[in-house]
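Student: Got a structure here, written out as structure tokens. Questions coming.
The values are calculated or read from the model by the stated rules, or taken from the named source; none is laboratory data. Being a predicted model, the structure only gives us computed values, none of them experimental. Positions of Cβ are backbone-derived with ideal geometry, glycine not excepted, and every protein chain shown enters the neighbour counts. Just so you know, the surface numbers come from the protein's heavy atoms only, side chains and all, with ligands and any DNA or RNA stripped out. Shrake-Rupley method; radii C 1.70, N 1.55, O 1.52, S 1.80 Å.
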Amino acid sequence: MIFLLQHFAINLLSVFSADTFNEVSHFMGTFWVIQYLMQPVLIFGVIFHFVMGFVLEIKNNKARNISYAKNNGAANSTWMSRNMIWSGAAILAFMGLHFYDFWFPEINTKYIVGDMSGQLANGEFRYFEELQHKFVDLWRVVLYVIAFVFLALHLLHGFSSAFQSVGANNKYTKGLKGFGKAYAIIIPLGFIFIALFHHLNH
Ligand code: HEM
């Protein structure tokens, strides 16, 4: 959730100033703390999160096989909470496309080709142009927007349940839940805005 906040903030820059987006992207893309400390932690966190998600889902299904006489799921849980595995799977599918679109080319350019300059042949930074180019294809924009809707559904339950999981049940819980709901709607909506903005302005 902290990553999504910074990722949203940096990508939102691309809507307001190509130069600022290029400067910040180059800094984040070459600063050793981000590249060699934060990025490995992030990627490990993403992998650990979805593997544990699947493991727990399989465990819960096994435990649930003692089917309740009459299970009125809706009575005691939200659609979002009962379908975290599906919204999670949709986000994972998005990550596959997203890594193909942005991260693998980034890793290839910097660590396989070995070009840390971030520059095109004309000496300009490449980040804004590469991002805009990706949102020319309507099919990609549609897939991204669908994925961001699932991201909202996943966060709508995930945010508050994350604090519940760590036992943060105190006088701030109500406020946290409210903040969580706002976060779960504003951040994915913001990503939808960025994708549509670049598609409509390329
Ligand atoms: C319009 C929306 C988005 C845009 C324009 C965007 C853009 C980018 C770009 C340019 C990179 C390469 C950055 C680099 O490695 O230097 C990247 C990487 C990445 N993106 Fe996104 N992204 C968007 C939404 C998302 C969302 C919603 C998620 C998570 C659910 C996400 C997760 C990641 C991850 C994990 C990486 C690899 C780590 C990193 O390099 O920071 N992105 N994205």
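Student: Could you say which residue among 150, 197, 191 is closer than 13 Å to residue 4 by Cα and of a type in the set (Phe, Trp, Tyr)?
Tutor: On inspection, the qualifying residue turns out to be 191.
Student: Oh, and also: Filter segment 91-121 for residues that are of a type outside the set (Phe, Trp, Tyr) and near the ligand (Cβ under 10 Å from one of its atoms) and give the result.
Tutor: Listed by number, the residues that qualify are 91, 92, 95, 98, 101, 105, 106, 107, 109, 110, 118.
Student: Same structure again: Does segment 132-155 hold any residues that are closer than 26 Å to residue 22 by Cβ, surrounded by fewer than 20 Cβ atoms within 10 Å (Cβ to Cβ) and aliphatic (A, V, I, L, M), and which are they?
Tutor: Result: 136, 138, 141, 143, 145.
Student: Run down 35, 6 and say which single residue is near the ligand (Cβ under 10 Å from one of its atoms), open to solvent by less than 40 Å² (accessible area, probe 1.4 Å) and among the polar types (S, T, N, Q).
Tutor: 35
Student: Under the condition of being within 30 Å of residue 127 (Cβ to Cβ) and not in a helix (DSSP H, G or I), which residue from segment 156-202 is least open to solvent (accessible area, probe 1.4 Å)? Working first, answer last.
Tutor: Narrowing segment 156-202 to residues within 30 Å of residue 127 (Cβ to Cβ): 158-159, 182-202.
Narrowing the set further to residues that are not in a helix (DSSP H, G or I) leaves 201-202.
On the way: 201: 80, 202: 118 Å².
Among those that are within 30 Å of residue 127 (Cβ to Cβ) and not in a helix (DSSP H, G or I), it is 201.
Student: Out of everything in segment 9-22 that is within 18 Å of the chain's Cα centre (by Cα) and not aliphatic (A, V, I, L, M), what residue ends up being nearest to the ligand (Cβ to nearest atom)?
Tutor: My answer is 11.
Student: Within the set of pairs 6 or more residues apart or between chains, which connect a residue that is among the polar types (S, T, N, Q) inside segment 92-113 to a residue that is more than 9 Å from the ligand (Cβ to nearest atom) with Cβ atoms less than 7 Å apart?
Tutor: 109/115
Student: Tell me, yes or no, whether segment 102-116 has at least one residue that is in a loop (DSSP other than H, G, I, E, B) and surrounded by 12 or more Cβ atoms within 10 Å (Cβ to Cβ).
Tutor: Of segment 102-116, the ones in a loop (DSSP other than H, G, I, E, B) are 113-116.
Applying the additional criterion that residues be surrounded by 12 or more Cβ atoms within 10 Å (Cβ to Cβ) yields 115-116.
Yes.
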